[in-house]
Structure formats: structure tokens, C-alpha cells
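Taken together, the values in this text are just the output of simple stated rules run on the coordinates, not laboratory data. On a predicted model such as this, the values are computed, not experimentally measured, just so you know. Please note: Cβ atoms are built from the backbone with ideal geometry, for glycine as well, and neighbour counts cover all protein chains shown.
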């Protein structure tokens, strides 16, 4: 991605946030009304959830553009890898270790990798932590290229791989186990 195109994508992400914030704000305001009945409350809840998902996709796309343009400036903090995995994947287990990462970006990345493995593999996945390594299992063969970002059918997974690598981490597929090694 050229630096000019990377800046254009970043600008588009930024400019799309304002109308999106307006939509989300009005949806949340109307949802607080007690007299709102079904099906309208359900429709507004769907609009609100879709708006939140779109905001997260814009964040992910913006980070990808900054990485590709050489402008990614992560905010690094120390955190326990098990705590990070549990925030990203419900029910994560294991023994953690202190890692130094961009916490929000890595949390979203682990969640995106688990979602991609589940969605594209048609399986329920779990996360196992061993020190600085977070394993997502299982990754079925059909989902592997998507989860590794080689087949760009999932924006979250493709960007997650870039984020982990930009921070000095590593992502490797070992059989049906996606091993995400976070920098210490």
C-alpha cells in the first residue's frame, strides 16, 4: 500500500466516524425511551449493534493503514497475557506471563482471530495461554488461510496478523493450533 493511499484510507476512516457517531448517538437516545415498543426497540438495538461493529471495523482499518504507511505508533503497556486473552476470548485458560503490547489493539486482534477461526471453520474455539503464547484452537484447514491473513476474506484477522507482527510478535499455525507469541 503506498503511503498516499494509506493516508487516504486513514482520512476516510476518520471522516466516517462523525456520521457514524451521530447515528449511534440518536439510536442510543431513542432506545432510552420507555414507551418505545416492539419491533422498534429491536430495530434500534440492531442499528446500535451494527454501528458498534462498524466503528470497530473502522478502527481496525485505520490501524492497518497506519501499519502499511509506516505510521503505527503503538501505546505499549505491560499486561499479563492470560488477562489479555480472557478479555478477548471468553473462557481462556492457562498460565500467563508479562507481555508488553498495545493492549487495546492486541485484545481486538486476539478476539478477531478467534472469531475468524470460529466463523470460517464452523467450530467453537478456545484460547489456551502458556507464558507469552496464546493458542487459539481448533483452526480447521479450510479456515487456516483466512485466519493467517493469506486469504483476505476477514478484515479483522488480516489486520490482527499485521498488528501482532508490527509489535514484534509472531503468528504460526501448528496443526490445528494458531500460536500467537506476544512480545515480552
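For the chain, DSSP calls about 85 percent of its internal beta bridges antiparallel. Across the chain, the relative contact order, built from alpha-carbon pairs under 8 Å that are at least six residues apart, equals 18 percent. Please report the spacing between the Cα centers of segment 8-25 and segment 120-173 in Å, no decimals. Comparing the Cα centres of segment 8-25 and segment 120-173, I get a distance of 28 Å. If you take the alpha carbon atoms of the chain and fit the smallest convex hull around them, that volume is 133 Å³ per residue. Computed over the Cα atoms of segment 29-124, the ratio of the radius of gyration to the Kirkwood radius (Rg/Rh) comes to 1.09. The packing ranking, built from the mean of other Cβ atoms within 10 Å per residue, places the peptides 112-118, 135-141, 70-76, 30-36 in the order 112-118, 135-141, 70-76, 30-36, highest first. Counting 0.36 nm for each residue step from residue 142 to residue 57 and taking away their Cα separation leaves a gain of 28.2 nm. Using the average count of surrounding beta-carbon atoms within 10 Å as a protection proxy, the listed peptides 170-182, 147-159 rank, highest first, as 147-159, 170-182.
With only Cα atoms counted, segment 72-134 has Rg and Dmax values of 11.8, 35 Å. Helix 155-166 and the longest principal axis of the Cα set of the chain meet at an angle near 50°.
Once both labels are positioned 7 Å from their Cα atoms along Cα-to-Cβ, the gap between residue 78 and residue 16 label points is 3.8 nm. Relative to the dominant Cα principal axis of the chain, helix 103-121 is inclined by about 90°. Remark: C-alpha extents of segment 76-181 on the principal axes read 34, 25, 20 Å, sorted largest to smallest. Counting neighbouring beta carbons within 10 Å and listing from fewest to most, the residues 125, 101 come out as 125, 101. Please report, to two decimal places, log10 I(q)/I(0) for segment 1-53 at q = 0.18, 0.22, 0.24, 0.31 Å⁻¹ as given by the Debye formula with identical point scatterers on the Cα atoms and no solvent. Taking Cα atoms of segment 1-53 as identical point scatterers yields -0.63, -0.78, -0.86, -1.11. Axis of helix 40-68 versus longest Cα principal axis of the chain: the two differ by about 40°, to the nearest ten degrees.
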